[in-house]
Amino acid sequence: MPAKSVREMTRIERLRHSLGARTFHAVLLLSILIGVLAVAFGITLYAYTAKTEYTQAAEHLADTAGSVMQYEEQAVYEYARKIVQRYTDAGAELQADPASAAYRLQFQEFMDDETWLEVNALLKRLTDSNEADAVYVAALDEEAMRFVYIFDSQEPESRELPGDWDPLASAELIRYKESAGEPVSYLGRTAEYGVQSTGALYLFDVNGMKVFAFADINLDHVMQSCLRFLWQFGLLLAVLVLAGSRLLAHQLQKQVVDPINRLSDAALQYVDDKRKGRQEAEHFAKLGIATGDEIENLSLIMADMEADLTTYIENLTRVTGERERIGTELNIARKIQEGSLPSTFPPFPDRTEFDLYASMHAAKEVGGDFYDFFLIDDDHLALVMADVSGKGVPAALFMMASKMLINNYAAIEKDSPAKILTAVNERICAGNTAGMFVTVWLGILEISTGVLKAANAGHEYPILRRAGGAFEVWKDKHGFVVGGMEGIRYKEYEICLGKGDQLFLYTDGVPEANDKDENMFGIERTLEALNSVELPYCKNEADAVSEAIRAFAGKAEQFDDITMLCLNYYGKETPMTETKTLTIDAKVDKLHDVLGFIDAVLEEQDCPPKAQMQIDLSVEELFVNIASYAYPDSEGQAEIRIRTFGEPKQAEIVLLDSGIPYDPTKNEDPDITMAAEDRDIGGLGVFMVKKYMDSIQYAYENGQNVLTITKTIE
Amino acid sequence: MTITKTIESDALTLALSGRLDTTTSPELEDEINASLAGIHKLTLDFTELSYISSAGLRVLLAAQKKMNVQGEMRVVGVNDTIMEIFEVTGFSEILTIE
């Protein structure tokens, strides 16, 4: 794969990348390879044949020369003997320079010898008739490694004279000595004669020197014609190869590359048009590729695909738009539903006789569960926990209607949950064409006395904890579900709540929460989670159950809405104080005002000095953080709320600011084991807060940092 | 917070009373920076000190780093609550507390 896509390439890069260019290169390379091999083979064959032929010719000629010599054998022998004798007699010193006058003088008398002239003429005719270069007779001086010439066929001007000599190679000598009646040959190259084939036939010995008839055939002209052939052949090959591969590449370009390029251009155009929203519908069909092969097939398939895609995209666009619209509406519905449930805690900051906390996690965008609580009058608190049959939009619609009806009838029948449910049931049944129903637990607490009147319309059992005891299921009497049947008379019962008692209400989403193996969370685990809470306080219990369900469910999808409500009842002798609020400039020099505000509340509640000091310390660290960092470019305010609640009594301090979002609980703890030189003071403040407070929680709500700390103060 | 300062040749004693917090710790820092020249022995008397926050700890750390170079520093009269702060923050390992 190339590193770049075709779209990103320059023109030159595309050309290099093209199939045509590649084919051209490949064919060229292959042809050159084959050409070189063919030439090499041709030359080898030619050289071998030439060598064999000329070797044989030289041998034949030498043989013929030998036969001619036999005709005049006595005279030839005699003449040879004289030459060799004179050569030997001349001695090494004179031999050394065969061209010197003194040496030539030794042989002067043999230059007019008739035998010499006749034999030379004979050999000359032999040479001419065989197109050889030279035929000659020479004795071999094996000591000095020389040819010593005796007869020579050549023209007088280039003729080797008797007694002249040429150096003899040892390889030559060894070869020649193999001749005994049969001619031998030697192929050699010398500077003087070039490449030549020499045939030799042994004639006789003279004075210990062997005399041979030799025939030379020069091969230089053979080599030259070979070279000429070579470059002519090479040139022809080059022209053929170039033309052939060009033609092939051209064909490939026309038949394959161009159609593919047109297809890819059409694809690019298609993508571009789709991006820019152009309505061109026939990018591939209009190409009209008719190569009659796989490429035409491909273009037809692309055209079909484009048509299918166009239809598909139209459908998808429509469906997606529809889905988005529904999604948006569901989102708004969810917000309306969430907004209909009271979600500010503590819900009644000025009521110190009780505290409560509730939460709902819907399984779908909108759910069928709901909780509700409201003060009917100054002394009556209504608590509702309900679960509508089914899920999703229908359940949510039904839930809203049920909630409104309960709320409305509670205002009329403020004293009796049974009467309220009976009335609500009648109303719901009257218009219930969809056959839906809702399970409801409704309780009305007389705040001053702690008497809780309750009616259960097919809902889960409530869970109750008496002060100092454990959470236990309260098995109350069940009536039929609301909306199930007309004319139901619901019954109610009373529970008397004392100081420190707690009531936990929930929907079946709690005990029926699944883990990935479809095991149910169950009521036992619910009780376990509730009883694991160390500091009894409505939010702690609700958080503990939520956390236990989350840990239990793991990655399993939430199947049902999970809704719960927890009430702490204290009555008149309450540890709760009203929430006190201080709004103050977020400036370090306001620190003593803040601490003064906190200390006043704590001293009134008889807070132990050590706990008070630790709360002061924590509030100081957090307030100074806000004062120093929350409003880097402007001045802002901080709000501090304090209240006490619970048994044992706890103080809860909430610090709010509208500055940049910052969660100090995410700070990494400092390393407190380092030596003084390495210590950095950063993060120590928050670290101390974490150490000294029972809990520290951060949330970012409505554009505010909300930091809540609690500490037991008895 | 009030600071009572006693110098005997190269020994400086600073007795603190009240609260050493974000607003008062700069006073101590200024006092230490101004008085530390030529001092080889620094004593911080916490007998009357009721409260210390991280701002105060920061000043103590800076003072300890300085005195590590030019002599010694000790903290005396530390009450239980402040001792606990020193322990929680690891300052008990750094300071010489008597």
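The values are calculated or read from the model by the stated rules, or taken from the named source; none is laboratory data. Every value quoted in this text rests on a predicted model; they were computed, and no experiment measured them. So basically every Cβ, Gly included, is an ideal-geometry build from the backbone, and we count neighbours across all protein chains shown. Ligands, DNA and RNA are stripped out before the accessible areas are found, and what is left, the full protein with its side chains, is counted by its heavy atoms. Shrake-Rupley method; radii C 1.70, N 1.55, O 1.52, S 1.80 Å.
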>> If you count only protein heavy atoms and use a 1.4 Å probe, how large is the accessible surface of A:Tyr662, to the nearest 10 Å²?
In response: 110 Å²
> What are the semi-axes of the equivalent ellipsoid for the protein assembly as shown, taken as the square roots of 5 times the Cα gyration tensor eigenvalues, largest first, in whole Å?
Replying inline: 121, 49, 23
> Expressed as a whole percentage, what fraction of the accessible surface of the stretch A:348-569 belongs to carbon and sulfur atoms when a 1.4 Å probe is rolled over the protein heavy atoms?
Replying inline: 52 percent
> log₁₀ I(q)/I(0) of the stretch A:135-286 at q = 0.08, 0.12, 0.15 Å⁻¹, via Debye over equal Cα point scatterers, no solvent, to two decimals?
Replying inline: -0.49, -0.70, -0.85
>> Going Cα to Cα from A:Lys82, which lysines come in below 24 Å? Please leave out same-chain ones fewer than 8 positions away.
In response: A:Lys124, A:Lys177, A:Lys210
> Size of the dipole of the stretch A:580-712 about the Cα centre, Lys and Arg at +1 and Asp and Glu at -1 on the beta carbon, nothing else charged, in debye to 20?
Replying inline: 360 debye
> Mind listing which trypsin sites (Lys or Arg not before Pro) in the stretch A:33-86 are in a DSSP loop and have 12 or fewer other Cβ atoms within 10 Å?
Replying inline: none
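Using the Cα centre of the stretch A:67-121 as the reference point, and only Cβ charges (+1 on K/R, -1 on D/E), how large is the resulting charge dipole? Debye, rounded to the nearest 20.
The calculated dipole for the stretch A:67-121 is roughly 180 debye.
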>> Through the Karplus equation 6.51 cos²θ - 1.76 cosθ + 1.60, θ set to phi - 60°, convert the phi angles of the stretch A:591-601 into ³J(HN,Hα) values in whole Hz; use x for Gly and Pro.
In response: 4, 5, 5, 4, 5, x, 4, 5, 4, 4, 5
> By how many nm would the segment from A:Phe480 to A:Asp97 lengthen if fully extended, with 0.36 nm per residue of separation less the alpha-carbon distance?
Replying inline: 123.3 nm
> Which number comes out as Rg/Rh for the stretch A:281-340 once both Rg and the Kirkwood Rh are worked out on C-alpha atoms?
Replying inline: 1.46
> Top to bottom by accessible area (1.4 Å), largest first, where do B:Glu84, A:Glu652 land?
Replying inline: B:Glu84, A:Glu652
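Only four residue types carry charge here, +1 at the Cβ of Lys and Arg and -1 at the Cβ of Asp and Glu. Report the dipole size of the protein assembly as shown about the Cα centre in Debye, rounded to the nearest 20. The partial results should precede the final answer.
Values: 73 positive and 130 negative charges, 503 e Å.
Using only the charged Cβ atoms, the result is roughly 2420 debye.
Hull surface divided by four, with the convex hull built on the Cα atoms of the stretch A:15-105: how many nm²?
12.8 nm²
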>> Can you give the FRET efficiency to the nearest 0.05 for A:Lys364 and A:Lys691, using r as the Cβ-Cβ distance and R₀ = 41 Å?
In response: 0.45
> For the stretch A:114-203, what D do you get in µm² per second when you plug the Kirkwood radius from alpha-carbon pairs into Stokes-Einstein at 25 °C and 0.890 mPa s?
Replying inline: 179 µm²/s
>> Using each residue's phi in the stretch A:126-135, evaluate 6.51 cos²θ - 1.76 cosθ + 1.60 at θ = phi - 60° and report the 3J(HN,Hα) Karplus result to the nearest Hz, with x for Gly and Pro.
In response: 4, 4, 4, 5, 10, 6, 8, 8, 7, 10
> What ³J(HN,Hα) values, in whole Hz, does the Karplus curve 6.51 cos²θ - 1.76 cosθ + 1.60 give for the stretch A:93-107 when θ = phi - 60°, with x put for Gly and Pro?
Replying inline: 5, 5, 4, 3, 10, x, 8, 5, 4, 4, 5, 4, 4, 4, 9
> Looking at chain A, which Cys residues are left with no other cysteine's beta carbon under 4.7 Å from theirs?
Replying inline: A:Cys226, A:Cys429, A:Cys496, A:Cys607
>> With both bridge residues required to lie in the protein assembly as shown, what share of the DSSP beta bridges run antiparallel, to the nearest 5%?
In response: 90 percent
> Between B:Asp10 and A:Asp377, how many nm apart are label points set 7 Å from Cα along the C-beta direction?
Replying inline: 8.5 nm
> Direction-averaged shadow area of the convex hull around the Cα atoms of chain B, nm²?
Replying inline: 5.3 nm²
>> With the crude spin-label approximation of a point 7 Å out along Cα→Cβ, what separation in nm comes out for B:Val76 versus A:Asp633?
In response: 5.3 nm
>> With a 1.4 Å probe, what is the total accessible area buried between chains A and B, in Å² rounded to the nearest 100?
In response: 2100 Å²
> In the stretch B:57-82, what residues drop by 30 Å² or more in accessible surface going from the chain by itself to the full protein assembly, probe 1.4 Å?
Replying inline: B:Arg58, B:Leu61, B:Lys65, B:Asn68, B:Thr81
>> Can you give the FRET efficiency to the nearest 0.05 for A:Arg86 and A:Phe229, using r as the Cβ-Cβ distance and R₀ = 45 Å?
In response: 0.40
>> At 1.4 Å probe radius, can you tell me the per residue accessible area of chain A in Å²?
In response: 52 Å²
>> Can you sort A:Arg334, A:Arg22 by solvent-accessible area, 1.4 Å probe, largest first?
In response: A:Arg22, A:Arg334
>> Tell me the angle of helix A:417-430 to the major Cα principal axis of chain A, expressed in degrees between 0 and 90 and rounded to the nearest ten.
In response: 60 degrees
>> Ordering A:Arg427, A:Arg278 by accessible area with a probe of 1.4 Å, largest first, what comes out?
In response: A:Arg427, A:Arg278
> Rounded to the nearest 500, what is chain A's calculated 222 nm mean residue ellipticity when only DSSP H runs of at least 4 contribute -39500 (n - 2.57) each, over all residues?
Replying inline: -15000 deg cm²/dmol
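Using 0.36 nm per residue of separation minus the Cα-Cα distance, give me the extension gain between A:Glu314 and A:Lys51 in nm, one decimal.
Additional length available on full extension: 86.3 nm.
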> Mind listing which chymotrypsin sites (Phe, Trp or Tyr not before Pro) in the stretch A:363-411 are in a DSSP loop and have 15 or fewer other Cβ atoms within 10 Å?
Replying inline: none
>> Straight-line reach from A:Lys391: which lysines fall under 30 Å, measuring Cα to Cα and dropping same-chain residues less than 8 apart?
In response: A:Lys335, A:Lys364, A:Lys403, A:Lys419, A:Lys453, A:Lys475, A:Lys477, A:Lys491, A:Lys516, A:Lys539, A:Lys555
>> For peptide A:685-696, what's the mean number of Cβ atoms from other chains within 10 Å of each residue's Cβ?
In response: 2
>> Which one, A:Tyr77, A:Ala139, A:Gln697, is farthest towards the positive end of the dipole of the protein assembly as shown when Lys and Arg carry +1 and Asp and Glu -1 on their Cβ?
In response: A:Gln697
> Residues of the stretch B:2-94: accessible area per residue at 1.4 Å, in Å²?
Replying inline: 42 Å²
> By the scheme Lys and Arg +1, Asp and Glu -1, what is the net charge of all other residues having a beta-carbon under 14 Å from that of A:Arg86?
Replying inline: -3
> Over its Cα atoms, what ratio of radius of gyration to 2.2 N^0.38 Å does the stretch A:49-224 give?
Replying inline: 0.96
> To the nearest 10 square angstrom, how much accessible area does A:Trp474 have with a 1.4 angstrom probe?
Replying inline: 80 Å²
>> For a Förster distance of 45 Å, can you work out the FRET efficiency between the beta-carbons of A:Leu187 and A:Glu109, rounded to the nearest 0.05?
In response: 0.75
> Which value results for Rg/Rh of the stretch A:453-514 when Rg is the Cα radius of gyration and Rh the Kirkwood radius based on the inverse mean 1/r?
Replying inline: 1.03
> Put +1 on the Cβ of every Lys and Arg and -1 on every Asp and Glu Cβ in chain A; which of A:Ser158, A:Asn207, A:Tyr270 then has its Cα farthest towards the positive end of the dipole?
Replying inline: A:Tyr270
> According to the square roots a ≥ b ≥ c of the eigenvalues of the Cα gyration tensor, what is the shape class of the stretch A:269-309, taking rounded for a/c under 1.5, prolate for a/b larger than b/c otherwise, and oblate for the remainder?
Replying inline: prolate
> So for the stretch A:580-712, what are the equivalent ellipsoid semi-axes in whole Å, largest first, each being the square root of 5 times an eigenvalue of the Cα gyration tensor?
Replying inline: 22, 20, 14
